[in-house]
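One structure is given below, encoded as structure tokens.
The values are calculated or read from the model by the stated rules, or taken from the named source; none is laboratory data. Computed from a predicted model, the values in this text were never measured in an experiment. So basically every Cβ, Gly included, is an ideal-geometry build from the backbone, and we count neighbours across all protein chains shown. Ligands, DNA and RNA are stripped out before the accessible areas are found, and what is left, the full protein with its side chains, is counted by its heavy atoms. Shrake-Rupley method; radii C 1.70, N 1.55, O 1.52, S 1.80 Å.
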Amino acid sequence: MGRNAIIHAACPHDCPDTCAIRVSVEDGTVVRIQGDPDHPPTHGALCTKVARYAERTYHPERLLRPLRRVGPKGAGEFTPMGWDEALDEIAARFVAISRRDPQAILPYSYAGTMGLVQGESVAARFFHRLGASQLERTICASAGSAALNATYGSRVGMLVEHFEESRLILIWGSNSIASNLHFWSFAQNAKRRGAKLICIDPRRTETADKCHQHIAPMPGTDGALALGIIHELLQHDWLDLDYIERHTDGWPALARTALEWPAERVAEVCAITVDEVRGLARDYGTIKPAAIRLNYGMQRVRGGGSAVRLIAALPCLIGAWRHRAGGLLLSASGFAPVCGAALERPDLMPTPRPRSINMSTIGDALLHDSSAQFGPKVEAVVVYNSNPVAVAPESPKVVRGFAREDLFTVVLEHFQTDTADYADIILPATTQLEHFDVHYSYGHTYVLVNEPAIEPLGEAWPNTAIFRALAARMGFTEPCFADSDEAIGAQAFGDSIDFARLRREGWIRLPVADAPFAEGGFPTTNGRAQFAPEALGVAGYLAPYESPGSSPELAERFPLAMISPPARHFLNSSFVNVRSLRSIEGEPLVEMHPRDASARGLADGQIVRTFNDRGAYRCRLRVSERARPGVVVGLGVWWRKFGLAGTNTNELTHQRLTDIGQAATFYDCLVEVCAD
Ligand SMILES: Nc1nc2c(c(=O)[nH]1)N[C@H]1C(S)=C(S)[C@@H](COP(=O)(O)OP(=O)(O)OC[C@H]3O[C@@H](n4cnc5c(=O)[nH]c(N)nc54)[C@H](O)[C@@H]3O)O[C@H]1N2
Ligand SMILES: Nc1nc2c(c(=O)[nH]1)N[C@H]1C(S)=C(S)[C@@H](COP(=O)(O)OP(=O)(O)OC[C@H]3O[C@@H](n4cnc5c(=O)[nH]c(N)nc54)[C@H](O)[C@@H]3O)O[C@H]1N2
Ligand code: SF4
Ligand SMILES: [Mo]
């Protein structure tokens, strides 16, 4: 930090790009935020959102003092209080609850910052030492992660830089221009060099517009499409039998399953044409090198884990991994040498281990009474780096849970989010410009440092400082509670990274081979990719919970499938309150295909009611061919308070979990739409 300086920073957001940033400071104020031109994946460019990060940090509505609730829960009425008073009160409540059972205290956090220091370091140590309930962090990626771990042994894949040499790129379940912009630059370079780009997405996104072909299956049917591709690969001898034999296990069983999926059956399940299935398989079987940019959009459905397993088999079947520009990338996070145990100190937990609560079913958890099976009723929640009232599924229940008068809620935040409205005490947290952190990425293979550029604004504290102060008040004397943020940053990667060099240079490339699986060597127990791992058996197609095939009675009443993917100018529910970005996104909308709109007598621009048995959501209708027939799209996790009726799309989603990985199934959701 300096009055005038250029600082090495990193983007903290939950985005695969994890950009390296240069922050220019003049007179102790941030004057410019730029992408680092030397960092290959960032290549000097930031997205529109984070280019405005200073606007977010200096936002007039930043929370800059601790606050105590004075109105009813949810009303958002607070009065300032001092730090000592706030921390004393929280500690006193925790001591009282812990005497009964510390598992009645629940941390709730996700990836508001992806930083290893301001994420789960001191916070995790604190809750482990306290014996609080564990949180299963499943709201985003755990289905795909579990599937990759099962198939490849870890979350590993192609290096993002190599996509520019691919000849065929399948962009599968991802709107790269919105949510993975720096991958998109490499894909565009490939396109300029003659590669074919195919986008597989129920919505015609801005990414689909720029690909050579767009295939729009119904949500949750990707597993069937993958089986259809495998079927064609078999029929046409487009397999790399040598690679299969030497580097995979379980092919005969997978082949038997795929034989049951001729293109006609696949086309019917996915609601696409037979030619689309056959053409896709032909391209995949014959254009080399072929790369798949798989993303998390396609795994937020009941069969999301199985679908990722099937798609992860594809590059093994054609030997795409032999070339550095072939293979698949869903996540590269398994390459990062993160010392989780040193950061989080699970050894501080009591035995037996406290129970775990799945964050994707927080609504049910908060409404659960004590029972032998569940354990104690949740009496206190500490929310940090997350906005569950807006982002968690089935918000009618989440809201009822957070509105409980007998629940003590503490929220560490930058802004008065929908969740902060339900807090008893709000603690003001620092932003990325004000604190130290270190980062890895799930979309590239570099680690980065984030040096603080400016002093904390107002009375904001880093998450770490807040949990350190609470630990002291609870009488936790373990030396790890005295570690500074920089010391924790050094522990994060242990000896794998030269920490002094990281701080000097800003980022370091991890030593990952160019074509890491050209000769097999997957990080499984025997080095082979596993198509039918013992615990999981053969992957097959699993229909969504809610679809005409699997729940015909429901589909009769609610015939439209709703998906609610990210908005380009928000980052989940972050940035929704940044005026310049909100004005680009406009207002909450649902998109509907003209055919579905005219069948309902609905017109573009009118206010509609989207509903199912769980709730109703009012917003403006956009009639658009971006939505395929049978699908409605509600972009973005809007703050509920910006919605017409104080709700967002999660009013309609449910809390059922994926087949593997116990993840949320946001895009597995039937609705009907009518005039309001
Ligand atoms: N601008 C921006 N960037 C973001 C985010 C954001 O909110 N805004 N969020 C960040 C986070 S937390 C994450 S996890 C990633 C998510 O990033 P991705 O996983 O790449 O997700 P999206 O880009 O939203 O792409 C999801 C796409 O999948 C499509 N989709 C929905 N259901 C299905 C399906 O069943 N099958 C197929 N094939 N496609 C489907 C949607 O229409 C959407 O276009 O992005 C990160 N980046
Ligand atoms: N309907 C629907 N719902 C979804 C999704 C969807 O596609 N559709 N996407 C899902 C996905 S993929 C995800 S990842 C989740 C994301 O859900 P969350 O992880 O809750 O992400 P955000 O909504 O960005 O909220 C993060 C909050 O953390 C705060 N924050 C940021 N940095 C810090 C910090 O350093 N300290 C503290 N104390 N706070 C900080 C921000 O101000 C912000 O309010 O949402 C999920 N919800
Ligand atoms: S949100 Fe993603 S693209 Fe934007 S600056 Fe951050 S890492 Fe880069
Ligand atoms: Mo996510």
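Values for this structure:
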{"quantity": "1 or more residues assigned by TED's automatic domain parsing to the domain that holds Ala365 and away from ligand 1 (no atom under 16 Å from the Cβ): qualifying helices (runs of 4 or more DSSP H) within the range 82-169", "calculated": "83-100, 122-130"}
{"quantity": "Options Pro219, Pro202: the member that is modelled with pLDDT of 95 or more, under 27 Å from the mean Cα position of the chain (by Cα), within 26 Å of Phe186 (Cβ to Cβ) and not polar (S, T, N, Q)", "calculated": "Pro202"}
{"quantity": "The range 31-51 residues that are modelled with pLDDT of 95 or more, paired with ones that are polar (S, T, N, Q) and assigned to a loop (DSSP other than H, G, I, E, B) (beta carbon under 6 Å, 6 or more apart)", "calculated": "Gly35/Thr42; Asp36/Thr42"}
{"quantity": "When residues of the range 25-51 are limited to those that are farther than 24 Å from Val160 by Cβ and buried (at least 19 other Cβ atoms within 10 Å of the Cβ), the one farthest from ligand 4 (Cβ to nearest atom)", "calculated": "Val25"}
{"quantity": "Residue tally, condition under 15 Å from Glu625 (Cα atoms) and open to solvent by less than 40 Å² (accessible area, probe 1.4 Å), over the range 569-605", "calculated": "9"}
{"quantity": "Pairs with Cβ under 9 Å, 6+ apart, first in the range 608-622 and among the acidic types (Asp, Glu), second surrounded by 18 or more Cβ atoms within 10 Å (Cβ to Cβ)", "calculated": "Asp613/Phe558"}
{"quantity": "Residue pairs meeting the criteria (Cβ under 7 Å; at least 6 apart or on separate chains; first acidic (Asp, Glu), in the range 90-110; second away from ligand 4 (no atom under 16 Å from the Cβ))", "calculated": "Asp101/Pro376"}
{"quantity": "Criterion violated by Val632 - all others in (1) in contact with a Ser or Thr (Cβ under 9 Å, 6 or more places away or on another chain); (2) open to solvent by less than 30 Å² (accessible area, probe 1.4 Å); (3) in a loop (DSSP other than H, G, I, E, B) satisfied", "calculated": "(3)"}
{"quantity": "Among residues of the range 155-209, those that are touching a Gly at 6+ places or on another chain (Cβ under 8 Å) and away from ligand 2 (no atom under 16 Å from the Cβ), counted", "calculated": "9"}
{"quantity": "Residue match in the range 535-547 (condition: over 27 Å from the mean Cα position of the chain (by Cα) and not assigned by TED's automatic domain parsing to the domain that holds Thr653)", "calculated": "no"}
{"quantity": "Residue count for the range 264-282, restricted to those that are in a loop (DSSP other than H, G, I, E, B) and closer than 21 Å to Ser550 by Cβ", "calculated": "2"}
{"quantity": "Qualifying residue in the range 143-151 (condition: away from ligand 4 (no atom under 16 Å from the Cβ) and surrounded by fewer than 24 Cβ atoms within 10 Å (Cβ to Cβ))", "calculated": "yes"}
{"quantity": "Filter result (on the phi < 0 side of the Ramachandran plot and either more than 27 Å from the chain's Cα centre (by Cα) or not in a strand (DSSP E or B) (or both)) within the range 598-622", "calculated": "Ser598, Ala599, Arg600, Leu602, Ala603, Asp604, Gln606, Ile607, Val608, Arg609, Asp613, Arg614"}
{"quantity": "Qualifying residue in the range 558-568 (condition: within 20 Å of Val160 (Cβ to Cβ), in the same structural domain as Val633 (by TED's automatic domain parsing) and in contact with a helix residue (DSSP H, G or I) (Cβ under 7 Å, 6 or more places away or on another chain))", "calculated": "yes"}
{"quantity": "Residue in the range 429-451 that is touching a residue at least 24 places away in the same chain (Cβ under 8 Å), more than 16 Å from ligand 1 (Cβ to nearest atom) and farther than 22 Å from Thr18 by Cβ present", "calculated": "no"}
{"quantity": "Complete set of residues in the range 313-346 that are in contact with a His (Cβ under 8 Å, 6 or more places away or on another chain), hydrophobic (A, V, I, L, M, F, W, C) and assigned to a loop (DSSP other than H, G, I, E, B)", "calculated": "Ala325, Ala332"}
{"quantity": "Test for Glu591: is it outside any helix (DSSP H, G or I) and away from ligand 3 (no atom under 16 Å from the Cβ)", "calculated": "yes"}
{"quantity": "Residue in the range 21-37 that is within 16 Å of ligand 2 (Cβ to nearest atom) and closer than 30 Å to Asp406 by Cα present", "calculated": "no"}
{"quantity": "Residues that are more than 16 Å from ligand 3 (Cβ to nearest atom) and open to solvent by 10 Å² or more (accessible area, probe 1.4 Å), drawn from the range 277-296", "calculated": "Arg278, Gly279, Arg282, Asp283, Thr286, Ile287, Lys288, Pro289"}
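To keep it simple, each residue is scored yes or no on (1) out of contact with any helix residue (DSSP H, G or I) (no Cβ under 8 Å at 6 or more places or on another chain); (2) within 25 Å of Val378 (Cβ to Cβ); (3) surrounded by 24 or more Cβ atoms within 10 Å (Cβ to Cβ).
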residue	(1), (2), (3)
Gln299	no, no, yes
Gly303	no, no, yes
Ala307	no, no, yes
Pro315	no, no, yes
Gly327	no, no, yes
Ala341	no, no, no
Thr351	yes, yes, no
Ile362	no, yes, yes
Leu367	no, yes, no
